[in-house]
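Enquirer: Before I ask anything, here is the structure I am working with.
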Amino acid sequence: MVTAVATQDRIGARVPRDVYLTLCRAAELRGATVNQFLVQAALKEAREVIEQEEVIRLSPRDWNWLLDLMENPPKPNTKLKAALARYQKSKRNDADTSFNWNP
C-alpha cells in the first residue's frame, strides 16, 4: 500500500467577529473567498518581510562607494592586522580538532 504525501497544509485562526466581517467584505470586493484572500494577503506580507531581511538596497552613491572600496581596498590598519593575527593563532590552536578533519 502506498501512502500519499500531503501537498497542502492547513492554517487556522480565530478572530473577533468584526475582524472576520472585515475580511469577508475585503474578499468579496476582490472576488475571492475569505480563504483565498487570507492566503494571498499573508503570502504578500511574508514575501515583503523576507525581502526586507534578505535584500540590501544601496543608493547609487553608496553602490559606487562600495565598488570603489572593492576595487581599491584600503591598506590594513593596526586593528585589522591584530584581528588577523588572533584568527591565525586560533586556527593553529584548533588544528587537531574535527573541524579540520580530512578523511
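Enquirer: Modelled with pLDDT of 95 or more and loosely packed, with under 10 Cβ neighbours inside 10 Å, is that true of Glu71?
Expert: On the way: modelled with pLDDT of 95 or more: yes; loosely packed, with under 10 Cβ neighbours inside 10 Å: yes.
Yes.
Enquirer: Please determine whether any residue of the stretch 32-41 is closer than 20 Å to Val15 by Cα and either part of a loop (DSSP other than H, G, I, E, B) or touching a residue at least 60 places away in the same chain (Cβ under 8 Å) (or both).
Expert: Filtering the stretch 32-41 for residues closer than 20 Å to Val15 by Cα gives 32-41.
Narrowing further to those that are either part of a loop (DSSP other than H, G, I, E, B) or touching a residue at least 60 places away in the same chain (Cβ under 8 Å) (or both): 32-33.
Yes, that holds for at least one residue.
The values are calculated or read from the model by the stated rules, or taken from the named source; none is laboratory data. Treat the numbers as computed from the prediction; the structure is a model and nothing was measured. A quick note on method: Cβ atoms are made from the backbone with ideal geometry, for glycine too, and the neighbour counts reach across all protein chains shown.
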